[in-house]
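Note sheet for the following structure.
The values are calculated or read from the model by the stated rules, or taken from the named source; none is laboratory data. Bear in mind that the values here come from a model prediction, so they are computed numbers and not experimental data. Note: ideal-geometry Cβ built from the backbone for every residue, glycine included; neighbour counts use all protein chains shown.
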Amino acid sequence: MRRFEEVGLQPDKRRGQNFLIDLNLLNLLANSSKPGPRDVVLEVGTGLGSLTSIVAPLVGHMVTVEIDQHLQQLAWEELADIDNITLLKIDALRNKNNLHPDVLAAVQSQLDAIADSQFKLVANLPYNVATPIISNLLSTPITPVSMTVTIQKELADRITAAPGCKDYSALSIWVQSQCDAQIVRIMAPTVFWPRPKVHSAILQIELNHEKRDRIPDRPFFHTFVRAMFFHRRKFLRSVLLAAYKKQLSKPDVDAIMADQGLGPKSRAETLDVEQMLALCEAVRQQLA
């Protein structure tokens, strides 16, 4: 807060700028990522470099991204003595479905430069980009072995939700189909500046290769799951017919659902990850 006052700046609410100001929680966030000397870490939302300055000395290299020109300048001043940082002033997202290629290129460059390296995301994510950052990183050519992030508690609840509850969504299935996810700590608004109107959480997501390898066609599965939840309260039969109306007939859909043991009143929100994977593969094979 003092640094902002010194330079006459105010946080930009449009960019989801809420800074974690509790040092104990910053250290918990960093330590939960299990930083190591061969890690290449991506941080989205450099801010004033508070988390960067904790993590960078513990890892091989840190690529940190800040869209705000004023914050980037302040971060450079704070981080000038740390030599294993790449600070990019760009939007981490090219669009809602893709990360900016310069971000991925910077990470890949450091992965190539450090022997036996691994990629991690460690960030106090701006609220307005948290969902696409997490979701899209599971679709990129280079996938982080872990994502340790602060996000809205509501989003953390959605990612870790079980079938049948109100928070269960396409994002729940997309993450859980490939990863193990758990909430590390719930955080009150008072540990941020400015204070958000909601609680936040530190979420730890670990890539599970055994789970991930079960998905024959991840892009198809990603599209399929989102389509199944587009009208989450509709019966699954109607959703399938609408999503594939030019490719699957009513008898096709009925046969697929019968083979999967799904009744006419089944809904997407009641299917667990295994059931959704099986249904997706049945549809994919039918379309092949």
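Looking only at segment 95-115, which residues are small (Gly, Ala, Ser) and over 16 Å from Ile67 (Cβ atoms)? Talk me through it step by step, then tell me what you get.
Here is the first cut: in segment 95-115, the residues small (Gly, Ala, Ser) are 105-106, 109, 113, 115.
Those that are small (Gly, Ala, Ser) and over 16 Å from Ile67 (Cβ atoms): Ala105, Ser109, Ala113, Ala115.
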**Study point:** segment 252-281 residues that are at negative phi and not assigned by TED's automatic domain parsing to the domain that holds Ala161, paired with ones that are among the small types (Gly, Ala, Ser) and part of a helix (DSSP H, G or I) (beta carbon under 8 Å, 6 or more apart)
**Key:** Ile256/Ala282; Asp259/Ala282; Gln260/Ala278; Gln260/Ala282; Met276/Ala268
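Here is a yes/no grid of residues against (1) closer than 18 Å to Met147 by Cβ; (2) assigned by TED's automatic domain parsing to the domain that holds Leu28; (3) over 18 Å from the mean Cα position of the chain (by Cα):
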| site | (1), (2), (3) |
| --- | --- |
| Pro194 | no, yes, yes |
| Val198 | no, yes, yes |
| Ile202 | yes, yes, no |
| Ile205 | yes, yes, no |
| His222 | yes, no, no |
| Arg226 | no, no, no |
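What tally of residues in segment 193-222 results from selecting those that are within 23 Å of Gly263 (Cα to Cα) and either free of Cβ contacts under 8 Å to residues at least 24 places away in the same chain or part of a loop (DSSP other than H, G, I, E, B) (or both)?
Of segment 193-222, the ones within 23 Å of Gly263 (Cα to Cα) are 221.
Remaining after also requiring either free of Cβ contacts under 8 Å to residues at least 24 places away in the same chain or part of a loop (DSSP other than H, G, I, E, B) (or both): none.
Selection size over segment 193-222: 0.
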Point to revise | Candidates Val63, Val103 - the one that is assigned by TED's automatic domain parsing to the domain that holds Gln17, in contact with a Ser or Thr (Cβ under 6 Å, 6 or more places away or on another chain) and not aromatic (Phe, Trp, Tyr) | key: Val63
Review point. Between a first residue in segment 232-248 that is farther than 16 Å from Ala170 by Cβ and a second residue that is among the charged types (D, E, K, R) and outside any loop (DSSP other than H, G, I, E, B), which pairs have beta carbons less than 8 Å apart while being 6 or more apart in sequence or on different chains?
Key: Arg237/Asp254; Leu241/Lys250
